[in-house]
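Reviewing the structure listed below.
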Amino acid sequence: MNDYSLFLGCLIPFRLPFIEASSRMVLEALGIQYEPLEGASCCPDPIGVQGVSFKAWLYLAARNLALAEEEGKDILTLCSGCFETLKTAREILLRDPALMEEVNEALKRIDREFRGDIDVLHIVEALYRVGPRRIESLIVNPLEANVAVHYGCHLLRPSEVLGFDDPENPRKLDVLVEALGPKSLNYNYKDLCCGAAMNNIDRAKSYPYIKLKLESATKAGADCMVVACPFCFMQYDFGQLELKRKGYDFALPIFYYTEMLGLALGFTYKELGLAFHRTSVRPFLEEKLF
Amino acid sequence: MKLQSISSFRHRVSCFPEGGVSLKYCMQCSLCSSKCPVARVVESFSPRRIVCDALLGLEDEVVFKDGVWSCLSCHSCLEACPMNVKVSYLITFFKNLAVERGDVPEGVVEEVKQIFKTGRTLSLSSAVEKRRASLSLPPPPSVNVDEVRALLKEFVNVLGGEREG
């Protein structure tokens, strides 16, 4: 199946629309059909909302899944948080008939039903299925750079349910990055969480996670970092500004994967809205691409 | 009396649908703590100790706001556990219990209130609206908020941030 319900979530359309733009552009360039899912709510957030009430989290996720089932298409997410929520909620319900009955009893109030007959994919998985070789064959702007790939947490774990890649030694995103020309670096703390979950609790408490990551990537010789989640993106892109105020000076451009893919496919800095990044990618692109 | 409260707390944990029953398999090997990114940064945080306190039925120790809310839910602990204890989901359950006691960070309450109000965690600012237009993006899909509220009506006290007691 090559036709998806695009689940945009909250952070991308309402704060980081350039990630939505680059994602739409590359999907269209690769001939992947999609339609944004109408009527969907927050996925909801697998940390905050689940932490407040596991059941409320499950009910709301089930409604979003039911909406996509009515469309009859697999869900494609751009955010790893949405991916984890929708994929794990589906699995939890399918494994527990009593819980599924309870949730469907509640969904009846709004004339909906969860059946579990569609799957949930992250856009990185959808692109991997297109195939790194096919992507490589479409590149017009190969990029020479050393890239620190950051997978983040919610794309990989819990691996038994998400099934995206080996959680200890994931390769898919590295392979997709290298298909565009760069070299993916080994670096310390490659598997470190971005710390975004701390943001609505105590923002300053997430700085150590950002700092460790950026230090380690820079030390390994990274020219830029590639992420697969808008929360990780925001942590490292906007986080660099905040750390600067604390006296830590980093200048590491951060790309969401479809932005780097978009550049390689020939889309421009302007079309991709790269000027909206808080940490400038301009010097990097002038050196590497122009 | 004490023993009874231990078993009643452990029984409540075991009823949690995602991994509640896995608590009893913990053998305190500490692989969860060794893989925990929070433990790398926050010295006092230890998933192993949270699980240990739960095994001992020490509800007040377990459901301690600054403890459970430090967890990033990254699932590194769950992935590391050789006994398949779903540590991160146990901590989620302890967060749920903390919320029942009113021990919930303000930012989390705000996030959930926002979802109840608009169906989403964020709304569209005029600056982002302009950015979307400059990127030739259509308006974001709409949400049927009435449906969201009708579905979540039994959680209104928790989700509205109203506290018990």
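The sole residue among B:V99, B:V108, B:V104 that is among the hydrophobic types (A, V, I, L, M, F, W, C), out of contact with any His (no Cβ under 8 Å at 6 or more places or on another chain) and outside any helix (DSSP H, G or I) is B:V104. Being within 14 Å of the chain's Cα centre (by Cα) and away from chain B (no Cβ under 14 Å) narrows it down to one residue among A:K172, A:K183; which is it? Among A:K172, A:K183, only A:K172 is within 14 Å of the chain's Cα centre (by Cα) and away from chain B (no Cβ under 14 Å). When A:C193 is tested against (1) closer than 17 Å to A:I254 by Cα; (2) within 17 Å of the chain's Cα centre (by Cα); (3) more than 12 Å from chain B (Cβ to nearest Cβ), exactly one condition is not met: (3). Selection of region B:124-160 for residues being more than 7 Å from chain A (Cβ to nearest Cβ) and outside any helix (DSSP H, G or I) yields B:S125, B:S136, B:P138, B:P139, B:G160. In region B:89-102, the residues that are more than 8 Å from chain A (Cβ to nearest Cβ) reach residues that are of a type in the set (K, R) with C-beta atoms within less than 6 angstrom, at least six apart or across chains, in these pairs: B:A98/B:K65; B:G102/B:R163. Only a single criterion out of (1) at pLDDT 95 or above; (2) more than 7 Å from chain A (Cβ to nearest Cβ); (3) surrounded by 14 or more Cβ atoms within 10 Å (Cβ to Cβ); (4) under 30 Å from B:K35 (Cβ atoms) is not satisfied by B:T121, namely (2).
Considering region B:17-70, the residues that are more than 15 Å from the chain's Cα centre (by Cα) and at positive phi include one that is modelled with the lowest pLDDT, namely B:G57. Taking the criterion of being within 14 Å of another protein chain (Cβ to nearest Cβ) and part of a loop (DSSP other than H, G, I, E, B), the only residue of region A:222-239 that qualifies is A:C229. When A:K219 is tested against (1) away from every other protein chain (no Cβ under 14 Å); (2) buried (at least 18 other Cβ atoms within 10 Å of the Cβ), exactly one condition is not met: (2). Of all the listed residues (A:D165, A:D111, A:D96), the sole one being within 14 Å of another protein chain (Cβ to nearest Cβ), within 23 Å of the chain's Cα centre (by Cα) and free of Cβ contacts under 8 Å to residues at least 24 places away in the same chain is A:D165. Taking the criterion of being of a type in the set (F, W, Y) and in contact with a Ser or Thr (Cβ under 6 Å, 6 or more places away or on another chain), the only residue of region A:1-27 that qualifies is A:F7. Checking each residue of region A:77-87 against the condition of being charged (D, E, K, R), surrounded by 24 or more Cβ atoms within 10 Å (Cβ to Cβ) and assigned to a helix (DSSP H, G or I) gives at least one match.
Residue under question is A:L76, and the condition is that it be within 10 Å of chain B (Cβ to nearest Cβ), more than 29 Å from B:V63 (Cβ to Cβ) and touching a strand residue (DSSP E or B) at 6+ places or on another chain (Cβ under 9 Å); does it hold? The answer is no for A:L76.
Considering the conditions (1) among the basic types (K, R); (2) over 19 Å from A:M198 (Cβ atoms); (3) within 7 Å of another protein chain (Cβ to nearest Cβ), A:R15 is excluded by exactly one of them, (2).
Scanning region A:21-50 for residues that are within 11 Å of chain B (Cβ to nearest Cβ), aliphatic (A, V, I, L, M) and in contact (Cβ under 8 Å) with a residue 12 or more places away in the chain yields a count of 5.
The values are calculated or read from the model by the stated rules, or taken from the named source; none is laboratory data. What you see is a predicted model, and the numbers here were worked out from it, not measured in a lab. FYI the Cβ positions are ideal-geometry reconstructions off the backbone, even for glycines, and counts take in every protein chain you see.
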